[in-house]
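First the structure, in the form of structure tokens, and then the observations on it.
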Amino acid sequence: MTNESSKADAIDAAGSQDGTPLAMDPAEFERLGRRVVALIAGHLAKLRDRPVRPEPGPEILQEVLTQGLPEAGAAPEDILDYVESHVLPYPTGNGHPRFFAWVVAPPAPVAVLSEVVANGMNMMGGGAAALPTHFGQCTGRWLMDAVGFPGEGSMSLLLSGGSMANLTGLAAARHWAAKSDGWDLRGEGLQGGRPPLTVYASEEAHSCIQKSVELLGLGSTNLRRIPVDRDYRIEVAALEAAVAEDRAAGRLWFHIDGAYGALGVCDPAAAPRFAGMARAHSLALDPHKWLSVPLDCGCVMVRDRTLLRDAFSVVPPYLQAARTQGPDELLLPFEHSFELSRGFKALKVWATLMHLGRAGLRAKIARSNALARRLADAVEAAPDLALLAPVSLSIVCFRFAPPGWSGGEAALETLNREINETLNAEGEVFFTPTTLAGRHALRACIIHYATTEADVDLLVRRVRETGRELAARQAGR
Ligand SMILES: Cc1ncc(COP(=O)(O)O)c(C=O)c1O
């Protein structure tokens, strides 16, 4: 990577200023920082006109995978050249307004900028006197408020993502269940011959629920999969029957995986469907999904915060001081979760929510849902498209199904796969398939704050045009 002309720079950089590797003169930092901001701004400005998800060629991937660590350090300028040529041209698509695939946020620009400050200061988010802990508690309260999770006696913690948030919520549930049964889980572990704990989840639940159950030592045979109805909602009667079979009396813990969906409650039109969410004992919500906070950032809310402390608190002598300096109501994340060191995630959440305000949050979520309804209406109005599931928030599942199709189910699935692959390769839109009740479906998820009606209309138009072309080609074979 280092060419001849910059070798001297490289040596300077490696043994810079006072001979300390990694040190950088502030003026040089500012010069390079301006270049970085210009690069990002250029990337954002060109995004709409570029393919949604340009794939790096195999040579680039191979080069990145196999490169060796050089003996002499490289100059920062050369490092940025490499980033410009090898990273910036190949976004994973989620920043593009016509990315309709997985639930990964387009980053809110104000959060990107705040994150630079957080990284620049690299503040440790642990102790009672530390500002990040205060911002964390404040944003936790805002998020609880935004989704109507009761704040009194609760705790809301920022974590790495939805998987960690679900794991933490279920760890609190496990602790509670053992405690209610007079069992010292932390001392005894799961090896004391106690009756098994059982988890019930929809058969459509995310894979991280199974991983959590396994990691918590509950065993996936004790994860009861409850069927869903025709609208992919858990069959409440089947759930009640399964619970009744397992126990005659006692209590249950209610956990919600709202990693994507919980923020749907902010859309006044969708809010009635969330009645009962406030009764959850724990809830997972990912700010790095619909809220547009840059990766990574998950959040768990637990109704009885003392359970988190009971389940996780171990404070060695060297951390005692971290507890004593803040106000009484301050809750230290490391005492209430598994992780100790943590960065300043709260700043990017705070910046995003501050930029939106309550009204902006409502508008953002309602806008995504309205676009999804527009897409669903267009699908229903088109004779050659079929809606495969009701649209309750901002995800639409459908397929190309020309009237009078006589080629059979397998050929229709192949045709839909080809439509998906062709359009993704062309780069105007990007979306992914899924399987619903054993049937292949095209799936469009709308969470980008800048997606427009024209973007959604283009998706419908291109699916239909490509479907017709490919079907005609198939018929001519
Ligand atoms: C409903 C749901 N739960 C959990 C997760 C896992 O979240 P993460 O990828 O942030 O760990 C996802 C991720 O897509 C999800 O959609």
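The values are calculated or read from the model by the stated rules, or taken from the named source; none is laboratory data. The shown structure was predicted, so the numbers you read here are calculated from the model rather than taken from an experiment. Here the Cβ is made from the backbone with ideal geometry for all residues, glycine too, and neighbour counts use every protein chain on show. Keep in mind that these areas ignore ligands, DNA and RNA; they rest on the heavy atoms of the full protein, side chains included. Shrake-Rupley method; radii C 1.70, N 1.55, O 1.52, S 1.80 Å.
Observations on the structure shown:
- Screening Ala23, Ala129 for residues that are in contact with a Gly (Cβ under 8 Å, 6 or more places away or on another chain) and either assigned to a loop (DSSP other than H, G, I, E, B) or in the same structural domain as Ile446 (by TED's automatic domain parsing) (or both) leaves exactly one candidate, Ala129.
- Residue list for the range 271-295, restricted to those being farther than 21 Å from Val104 by Cβ and open to solvent by less than 10 Å² (accessible area, probe 1.4 Å): Ala280, Ser282
- Any hit, the range 110-117, residues being within 30 Å of Gly19 (Cβ to Cβ) and assigned by TED's automatic domain parsing to the domain that holds Ser212: yes
- Whichever residue in the range 49-86 is among the hydrophobic types (A, V, I, L, M, F, W, C) and farther than 30 Å from Gly19 by Cα and, among such residues, is least open to solvent (accessible area, probe 1.4 Å): Val52
- If the condition is being in contact with a strand residue (DSSP E or B) (Cβ under 8 Å, 6 or more places away or on another chain) and either surrounded by 22 or more Cβ atoms within 10 Å (Cβ to Cβ) or part of a helix (DSSP H, G or I) (or both), then the range 99-126 contributes Phe99, Phe100.
- Within the range 324-339, the set of residues being surrounded by fewer than 11 Cβ atoms within 10 Å (Cβ to Cβ) and either touching a strand residue (DSSP E or B) at 6+ places or on another chain (Cβ under 9 Å) or in a helix (DSSP H, G or I) (or both) comprises just one member, Thr324.
- Subset tally (residues that are out of contact with any strand residue (DSSP E or B) (no Cβ under 7 Å at 6 or more places or on another chain), not aliphatic (A, V, I, L, M) and not in a strand (DSSP E or B)) for the range 433-463: 9
- Number of positions in the range 378-390 that are without any contact (Cβ under 8 Å) to a residue 60 or more places away in the chain, buried (at least 18 other Cβ atoms within 10 Å of the Cβ) and either within 17 Å of Leu458 (Cβ to Cβ) or out of contact with any strand residue (DSSP E or B) (no Cβ under 6 Å at 6 or more places or on another chain) (or both): 0
- Considering the conditions (1) farther than 25 Å from Gly125 by Cβ; (2) of a type outside the set (Phe, Trp, Tyr); (3) assigned to a helix (DSSP H, G or I), Gly182 is excluded by exactly one of them, (3).
- Residue, nearest to Ala262 (Cα to Cα), within the range 395-424, restricted to residues that are part of a helix (DSSP H, G or I) and touching a Pro at 6+ places or on another chain (Cβ under 8 Å): Asn420
- Among (1) surrounded by 13 or more Cβ atoms within 10 Å (Cβ to Cβ); (2) charged (D, E, K, R); (3) without any contact (Cβ under 8 Å) to a residue 60 or more places away in the chain, the one test that Lys46 misses: (1)
- Boolean, Pro383 is in the same structural domain as Val228 (by TED's automatic domain parsing) and of a type outside the set (A, V, I, L, M, F, W, C): no
- Annotation: Gly193 fulfils all but one of (1) in contact (Cβ under 8 Å) with a residue 12 or more places away in the chain; (2) in a loop (DSSP other than H, G, I, E, B); (3) of a type outside the set (Asp, Glu); the unmet one is (1).
- There is no residue in the range 163-174 that is assigned to a loop (DSSP other than H, G, I, E, B), hydroxyl-bearing (Ser, Thr, Tyr) and open to solvent by 40 Å² or more (accessible area, probe 1.4 Å).
- Residue count, the range 153-162 (criterion: more than 14 Å from Pro333 (Cα to Cα) and either open to solvent by less than 10 Å² (accessible area, probe 1.4 Å) or within 12 Å of the ligand (Cβ to nearest atom) (or both)): 2
- Taking the range 165-199 as the range and being within 16 Å of the ligand (Cβ to nearest atom) and either farther than 19 Å from Asp310 by Cβ or among the polar types (S, T, N, Q) (or both) as the test, the residues that pass are Asn166, Thr168, Val199.
- Residues that are among the hydrophobic types (A, V, I, L, M, F, W, C) and surrounded by fewer than 22 Cβ atoms within 10 Å (Cβ to Cβ) were ranked within the range 308-323; the one that is nearest to the ligand (Cβ to nearest atom) is Phe312.
- Within the range 215-292, strands (runs of 3 or more DSSP E) holding 1 or more residues that are within 16 Å of the ligand (Cβ to nearest atom) and at pLDDT below 95: none
- Just one residue in the set Val300, Val265, Val314 is closer than 23 Å to Arg186 by Cα and in contact with a Gly (Cβ under 8 Å, 6 or more places away or on another chain); that residue is Val300.
- Of the residues making up the range 365-377, none is open to solvent by 40 Å² or more (accessible area, probe 1.4 Å), more than 16 Å from the ligand (Cβ to nearest atom), in a helix (DSSP H, G or I) and assigned by TED's automatic domain parsing to the domain that holds Arg233.
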